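Working notes for the structure below.
The values are calculated or read from the model by the stated rules, or taken from the named source; none is laboratory data. What you see is a predicted model, and the numbers here were worked out from it, not measured in a lab. Glycine gets a Cβ as well: all are built from the backbone with ideal geometry, and neighbour counts include every protein chain shown.
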Amino acid sequence: MAKWDFKIVGASFVKELVPIADDVQPRSQSFMQPSFHLEGGKIVIKESGQYVTAIYFSQIGEIDGVAPTDIDDAYAKLLTLVENFNGGGVTPQTLAETLAEDNKTNEIPILSNSEDGYLYVNDEQTILGNDFGGVKKITISEDTFRFDTTVRFDFESKGINLNTTSDGLGIPRLTTAQMNAISFPTNGMIVWNTTETATYQYNGTSWVLLGGGAVDSVNGQTGVVVLDAADVGAEPTKGSDDNYVTDAQLVVIGNTSGTNSGDNATNTTSNAYADAKVADTIADGVTTVAPSQNAVFDALALKQNNLVLGKKGNASSPVTGTTTETILESIFIPAGSVAVNDIIYIRNRVFKTGATGGFTVRYRINSSNSISGSSVLAFATLGAVSTRSQGLERTLNLRASNTIEVVDNTTSIAYENTSISNANVNITFTFTSDFWILITGQLTGVADSIVNSNYIIQKF
């Protein structure tokens with residue numbers, strides 16, 4: 001680390017910073033009437049009684065050519081040096097004499113009181129610096145400040161930041177002749193051309209209008225763009241084979257078919273032909289005429305009247321080992337599927353394995369998927385142990401929103417298309433909401449097994 005040496009040079013007491021391996025710029029500070037005070041481990045240096053700086057022992061190099069051993073020794077050596085300096089009766093140098101002094105660095109130093117800010121002038125360069133850090137500032141209070149020079153300014157390493165909200169950046173203002181007369185223009189140089197009232201830039205070969213030349217894209221084109229008539233929506237140039245039509249002729253062309261003269265407003269022939277290709281009926285085997293929307297709507301309505309609410313062709317899970325009534329199939333009917341005066345038709349078949357006893361098949365209806373709380377719609381009981389298969393079918397007449405008419409549901413009846421002496425039964429049930437139709441089975445012998453083989457539920 002660089003340290004300060006203290007010595008007498010001519011009629012001046014000199015404090016000189018000696019660099020080590022060029023870690024700092026060499027500089028010095030001269031005193032005419034120095035004084036010293038030892039305070040808190042540092043030596044305070046004053047000029048004519050005014051504070052100038054303070055220095056610690058670690059910053060001290062040699063005093064009159066000798067390195068001190070500690071802060072006290074340094075303080076004693078400084079007092080001895082200044083005593084000899086002032087005690088010899090030598091008249092202090094004037095400023096002119098000091099500036100004329102040929103010191104070994106040939107520099108004129110100007111230092112701040114803290115020595116963090118400094119200005120050096122020598123034969124090679126002028127150095128303005130500040131070791132304290134932060135923003136370096138030169139304050140100019142005049143309205144206008146001008147640099148007069150015959151050479152170009154070069155700013156190395158760092159850019160220029162202009163912090164202003166009240167003024168702009170003025171670039172050189174030259175006529176075309178002056179611009180073209182610039183010696184050795186550099187690539188990228190810009191000027192304001194007062195002749196053209198425009199900004200020009202040197203591209204390494206010539207001066208070009210700034211912003212001119214190639215653009216990124218115009219009408220999808222890149223590079224130096226040349227616009228033709230089509231690019232700007234202009235009418236193309238008419239050739240010898242080109243023809244134009246009037247608006248009236250365009251209407252005639254629009255009405256023209258392959259079989260008329262093109263001057264009829266409404267083509268009755270084509271209209272009649274088109275009408276013959278649509279019928280308000282649907283006939284089997286006809287392949288050249290399409291059905292109308294009305295015919296299709298009516299056909300779909302008829303199809304809707306015979307809606308399948310549910311069907312299944314594979315067997316249910318078997319029920320065995322119990323004589324409790326058990327659900328074989330549960331069919332969910334969502335709200336809105338049926339309405340008053342509709343008919344629900346149900347048909348199924350149950351198979352039994354084993355010959356221990358008989359079984360009973362039932363239809364139930366409930367607002368939940370459960371036997372509990374349900375109503376019996378129909379049932380058939382087979383007592384013979386040899387019976388292996390039994391079918392059941394019913395039609396449910398939906399009378400009111402909460403009334404279902406069925407064949408007697410208290411008597412074992414497999415098929416209602418036989419002669420029945422018992423009166424029909426009305427079951428109170430709200431079918432306008434979601435509901436379930438259940439197919440159940442009940443064994444009389446635990447060793448037997450039954451499955452529901454199939455079912456179908458239709459609405460008419």
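Within the range 346-375, being aliphatic (A, V, I, L, M), in contact with a strand residue (DSSP E or B) (Cβ under 9 Å, 6 or more places away or on another chain) and under 26 Å from ALA447 (Cα atoms) holds for VAL350, VAL361, ILE371.
Considering (1) free of Cβ contacts under 8 Å to residues at least 40 places away in the same chain; (2) in contact with a Leu (Cβ under 8 Å, 6 or more places away or on another chain); (3) in a strand (DSSP E or B), the lone condition that ILE457 does not fulfil carries the number (1). Check whether at least one residue in the range 334-348 is on the phi < 0 side of the Ramachandran plot, at pLDDT below 90, of a type outside the set (Val, Ile, Thr) and part of a loop (DSSP other than H, G, I, E, B), and report yes or no. For the range 334-348, residues on the phi < 0 side of the Ramachandran plot, at pLDDT below 90, of a type outside the set (Val, Ile, Thr) and part of a loop (DSSP other than H, G, I, E, B): present. Scan the range 361-384 and give yes if some residue there is assigned to a loop (DSSP other than H, G, I, E, B) and of a type in the set (Phe, Trp, Tyr), otherwise no. No, every residue in the range 361-384 fails to be assigned to a loop (DSSP other than H, G, I, E, B) and of a type in the set (Phe, Trp, Tyr). On the basis of being more than 30 Å from TYR345 (Cα to Cα), assigned to a loop (DSSP other than H, G, I, E, B) and at pLDDT 85 or above, does THR287 make the cut? In short, yes.
Cβ separations smaller than 6 Å between residues 6+ apart or across chains give no pair from the range 387-402 residues that are free of Cβ contacts under 8 Å to residues at least 12 places away in the same chain to residues that are in a loop (DSSP other than H, G, I, E, B) and of a type in the set (A, V, I, L, M, F, W, C).
Identify, please: which residue in the range 203-236 is modelled with pLDDT of 70 or more and polar (S, T, N, Q) and is, among those, nearest to ASN271 (Cα to Cα)? Ranking the qualifying residues of the range 203-236, first place goes to ASN219.
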